[in-house]
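Heads up: the structure comes next, in structure tokens.
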Number of protein chains: 2
Amino acid sequence: MTLQQKQQQQTYEPLTESTAIELAKKLNLFSDQAVLQSTEIGDGNLNLVFRIVDQENNQSVIIKQALPYAKVVGESWPLTLKRATIESDALKIFKDIAPDFVPEVYFADEELAITVMEDLSHLIIARTGFIQGNDYPLLSAHLGKYLARTLFLTSDFGLKPAKKKELVGQFINPELCKITEDLIFTDPFFDAPTNNFEQELLKEVNQIWNDQQLKFQVALLKKSFLTDSEALLHGDLHTGSIFVSEEETKVIDPEFAYFGPIGFDLGQVIANLLFQAIANSEKREVIYNHIEVFWTTFVKDYEALWNSQNEEPLATTEGYLSFLLEKALKDAIGFAGCELIRRTIGLAHVADLDGIQDDTERIEAKRTTLSIGRELIVNRNQFTSIQQLLSSL
Amino acid sequence: MTLQQKQQQQTYEPLTESTAIELAKKLNLFSDQAVLQSTEIGDGNLNLVFRIVDQENNQSVIIKQALPYAKVVGESWPLTLKRATIESDALKIFKDIAPDFVPEVYFADEELAITVMEDLSHLIIARTGFIQGNDYPLLSAHLGKYLARTLFLTSDFGLKPAKKKELVGQFINPELCKITEDLIFTDPFFDAPTNNFEQELLKEVNQIWNDQQLKFQVALLKKSFLTDSEALLHGDLHTGSIFVSEEETKVIDPEFAYFGPIGFDLGQVIANLLFQAIANSEKREVIYNHIEVFWTTFVKDYEALWNSQNEEPLATTEGYLSFLLEKALKDAIGFAGCELIRRTIGLAHVADLDGIQDDTERIEAKRTTLSIGRELIVNRNQFTSIQQLLSSL
């Protein structure tokens, strides 16, 4: 434990429902006379989440506090409180850049690991909504716009180099990055104790562990995650990090934010939409359409920013933009493949697949996921358009 | 000016020959009774360099102090004093990693921008020695060993990921990186006021400025320099940053150190050896042999480190190491091409070329340099061995 962490622990204390109300009052977020109700609505694994509601007018805020440990599938390990600051700093930057798609932060305190922000309880987590059978027709275009703005405007194309480098330093995030490095790029490809898969998949899993061609490509993708400081990523952009309604899309929880390859965020979105297409064949066309709209919107908006707000003198060079967009597609496809595999046999699963009640169907869906995952990783450099990807599935 | 810079300026003061002696005494680097002589031996462009000698026993140290500005070809601009800390921190790390090839640092002070270090006055700057007609038979193997160690042991393969990320933050170096970004990757490819070339080269220069294929590849190399955080680079590894004798090689002046693509340091070495081969055709075979020995030594030592000290579980994957070494070669060739061009038509030149007395010969050598530079950049991905590169020249 560093000295800083020790000092932090002396003042850090988990909030309770009543001290959360005291904090909200102290911050003057409500009128002095307000009668406030506080409810802890987090899942308790990583963070406390209090919803504070003014009983009179139903105005509300969220107070989120990081816990000094993580609990995933029963396991518990210490985890830096600094992630609360990474998250609130990233939310503020993303809110500036893409205001329609990010909740507002009212207050943040590094020592207490607290972020006070806009209450989005009128929305639903996209993964949950999809599983319930809903569709969110604007979701894909919104995510395309969000990522075009965040990934361009935090890159060396959208920022002066010195400002970008300052942000790289601010968002050095070793502990959260290590979770991704281990759980997405390493453990699923070895017989690691963190892995978690159904015994019926043992044959496929063994194939993965012995697939040198696959592991070589995963090694390259992991190296890209470790070294390519292209832009400030959300870092964990699955459908559980997105609040939606028919009209609105809000991207939350950027505690994994760091400067990495833009294909990573793009690929997480594609993979987490694909889980829905794989789990429900009758939704396939709707989901494929989402993926296509997501990509084409991203490209269109990124191109517009490239042409209007570019800081790079070499940006006008013939072929440069199209090369970068094609590279982003190939990278995204590869990273999507890693996400498909790790959510099937690694530590953290998705309800899209695990929630399939029929055993045969579920195992079949997982086999399909693993097979597509492998194809995307190994053949990613053969794809030159999103349509080509979709028609290959 | 930031607050920190303001505070720094209040205590920072340039040393004189006599205050340099006082500092050496205060640091107990000599006996109390020592009679010390102090001589300023720097070129005064970026730094003060004092050589402090004990008159009795000839023991000596160097005191180097950064100046708050840079002067290049008459132009002067303010330049961060923080570069002294980057330099002393990098020297300490490189000394730990490659002790035979790095001077020892005895003392460093961030506020005064001072580094006190081993005196290497018994050696000569490699560029100067080469121009004088000397050869340094061990230089290339030494540089191969030095870079194998520094580039492997500061990468994600040689370090735990958290330690590497901490160092990335420590070596964020925007002002010095910007000099490289502008003077190597940008200005020479546009009609920029910093460019400096002989009028006889105007036709070739215009061709470069209008060569979209070349500029596209330069854009990719610049992006790599801006975003690929592979390892802690020296960042300015030309033959003017190397002290040599027949037996010894010491790499100095890492004030441009930052985490970047390993091909950059490798390519600087290759390009700065090539200037000698181009300037003196009778030395060509000797220099080509140096380049070959440099590369094969680098590969051999890097492979040994890869196999014995690797932190990456995926490192054993078939084909991964050979892919990375081939990528390093292609990158190095591309970066070498940029160095060849910028030293011929950009702001900062090399004495190897500018020192050729005969006008026709000099212009011819510069034309050759530009032509080789272009070939290396545009065709870098076709090279799979150092021998193939050398036989193409």
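Laid out as a table, the results:
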read-out: Which listed residue, of A:Ile131, A:Ile97, A:Ile93, A:Ile125, is under 14 Å from A:Glu255 (Cα atoms) and either at pLDDT 95 or above or not assigned by TED's automatic domain parsing to the domain that holds A:Leu67 (or both); value: A:Ile93
read-out: Where B:Ile184 falls short, out of the listed (1) without any contact (Cβ under 8 Å) to a residue 40 or more places away in the chain; (2) buried (at least 20 other Cβ atoms within 10 Å of the Cβ); value: (1)
read-out: Filtered residues of segment B:312-368 (kept if among the acidic types (Asp, Glu) and either out of contact with any Asp or Glu (no Cβ under 7 Å at 6 or more places or on another chain) or more than 14 Å from chain A (Cβ to nearest Cβ) (or both)); value: B:Glu318, B:Glu326, B:Asp331, B:Glu339, B:Asp352, B:Asp354, B:Asp358, B:Asp359, B:Glu361, B:Glu364
read-out: Some residue of segment A:229-241 being without any contact (Cβ under 8 Å) to a residue 24 or more places away in the chain and either among the hydrophobic types (A, V, I, L, M, F, W, C) or in the same structural domain as A:Leu183 (by TED's automatic domain parsing) (or both); value: yes
read-out: Residue among B:His290, B:His349 that alone is surrounded by 15 or more Cβ atoms within 10 Å (Cβ to Cβ), within 22 Å of the chain's Cα centre (by Cα) and in a loop (DSSP other than H, G, I, E, B); value: B:His349
read-out: Matching entry among A:Glu312, A:Glu326, A:Glu318, A:Glu339 (being in contact (Cβ under 8 Å) with a residue 40 or more places away in the chain and surrounded by fewer than 19 Cβ atoms within 10 Å (Cβ to Cβ)); value: A:Glu326
read-out: Elements of type strands (runs of 3 or more DSSP E) contained in segment A:222-286, each with 2 or more residues being within 14 Å of another protein chain (Cβ to nearest Cβ); value: A:231-233, A:258-260
read-out: Unmet requirement for B:Gln217, which otherwise passes all of (1) within 14 Å of another protein chain (Cβ to nearest Cβ); (2) closer than 30 Å to B:Thr80 by Cα; (3) touching a Gly at 6+ places or on another chain (Cβ under 8 Å); (4) not small (Gly, Ala, Ser); value: (2)
read-out: Positions within segment A:293-333 being among the β-branched types (Val, Ile, Thr) and part of a loop (DSSP other than H, G, I, E, B), in sequence order; value: A:Thr317
read-out: Scope segment B:145-201; condition over 24 Å from A:Lys163 (Cβ atoms), more than 21 Å from the chain's Cα centre (by Cα) and within 12 Å of chain A (Cβ to nearest Cβ); matching residues; value: B:Asp156, B:Phe157, B:Leu159, B:Lys160, B:Pro161, B:Ala162, B:Lys163, B:Asp191
read-out: Neighbours by Cβ (under 8 Å, 6+ apart or cross-chain): first from segment B:200-211, on the phi < 0 side of the Ramachandran plot; second at pLDDT 95 or above and basic (Lys, Arg); value: B:Leu201/B:Lys366; B:Leu201/B:Arg367; B:Glu204/B:Arg367; B:Ile208/B:Arg374; B:Asp211/B:Arg374
read-out: Any hit, segment B:83-101, residues being surrounded by fewer than 18 Cβ atoms within 10 Å (Cβ to Cβ) and under 30 Å from A:Leu79 (Cα atoms); value: no
read-out: Filtered residue count, segment A:202-213, keeping only those that are in a helix (DSSP H, G or I), more than 9 Å from every other protein chain (Cβ to nearest Cβ) and within 17 Å of A:Glu375 (Cβ to Cβ); value: 4
read-out: Within segment B:122-166, tally of residues that are more than 30 Å from A:Ala219 (Cα to Cα), in a helix (DSSP H, G or I) and of a type in the set (Ser, Thr, Tyr); value: 2
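Residue by residue, here is whether (1) among the acidic types (Asp, Glu); (2) surrounded by 18 or more Cβ atoms within 10 Å (Cβ to Cβ); (3) assigned by TED's automatic domain parsing to the domain that holds A:Val244 holds:
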residue: A:Tyr106; (1), (2), (3): no, no, no
residue: A:Ala113; (1), (2), (3): no, yes, no
residue: A:Lys145; (1), (2), (3): no, yes, yes
residue: A:Phe152; (1), (2), (3): no, yes, yes
residue: A:Lys165; (1), (2), (3): no, yes, yes
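The values are calculated or read from the model by the stated rules, or taken from the named source; none is laboratory data. None of these values were measured; they are calculated from a predicted model. So basically every Cβ, Gly included, is an ideal-geometry build from the backbone, and we count neighbours across all protein chains shown.
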